[in-house]
Amino acid sequence: MAGIRREGMRGRPRAFDESKFLDGAIALFSGAGYTGVGISDLTEATGLTTGSIYKAYQDKEGVFARALERYIALGDARVAALLEPEPDARARIAALLRLYVSLSQGRDGRLGCLVVTGMTGLDQVGRAGDLLRSQLSARRRMLAALIAEGQRDGSLGTGVDPRSSADVLLALLQGMRVMGKAGTLTEDSDAFISQALKILD
């Protein structure tokens, strides 16, 4: 994805499973936060040596940036696959809300969201901050487009502004992940989603 440069790495073959390493890094950073993870934690959790980590990513900031790239790419692909079969925009937004409810409960909820983790430590994550801002802007545009689509297809009310409503939905979605981290999100998923959709009527 655009926004992250990996200087000095082009053409260098990797002698390890990068996806497996990054998945381990995602779990660590999501659970402990950016400042709560050190290179030693990464080596212990993933089995990759300190030297290999520095050669591949330069520093912890580089690991976080690459892990964030993977996290966002996987999340975007999951959302796209989830929304595609839905019959209209309202159903797509409901499906997105349902996904976030699921991600904010149980083990996934307590683990937390890497985007939220990054945003709460934005002044510490270096160049990954640009990717975080870009991701939130992209999600806001997607929500606004869905709301506008719903107004055209008749599944949503026409009395709301798509952009301001997208801001509210984005805050709700990210806030759900924060609540999930604390294990305090409602267990009545259907009522929660129904209430959330009312802001679009």
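The values are calculated or read from the model by the stated rules, or taken from the named source; none is laboratory data. Since this is a predicted model, take the numbers as computed values, not measurements. Positions of Cβ are backbone-derived with ideal geometry, glycine not excepted, and every protein chain shown enters the neighbour counts.
Just a few scattered comments:
- Against the list (1) under 28 Å from ASP190 (Cβ atoms); (2) buried (at least 21 other Cβ atoms within 10 Å of the Cβ), the condition GLY118 fails is (1).
- A single entry from GLY118, GLY126 fulfils the requirement of being in contact (Cβ under 8 Å) with a residue 12 or more places away in the chain, touching a helix residue (DSSP H, G or I) at 6+ places or on another chain (Cβ under 8 Å) and not in a helix (DSSP H, G or I): GLY126.
- Count - residues of segment 159-191 that are of a type in the set (Ser, Thr, Tyr), modelled with pLDDT of 95 or more and surrounded by fewer than 16 Cβ atoms within 10 Å (Cβ to Cβ): 1
- Contact annotation: residue pairs with Cβ atoms under 9 Å, 6 or more positions apart or on different chains, pairing a residue in segment 34-57 that is touching a residue at least 60 places away in the same chain (Cβ under 8 Å) and crowded, with 19+ Cβ neighbours inside 10 Å with a partner that is among the β-branched types (Val, Ile, Thr) and not in a helix (DSSP H, G or I), are TYR34/VAL125.
- Residues satisfying the stated conditions in segment 147-158, i.e. part of a helix (DSSP H, G or I), crowded, with 16+ Cβ neighbours inside 10 Å and over 21 Å from the mean Cα position of the chain (by Cα): ALA148, GLU149, GLY150, GLN151
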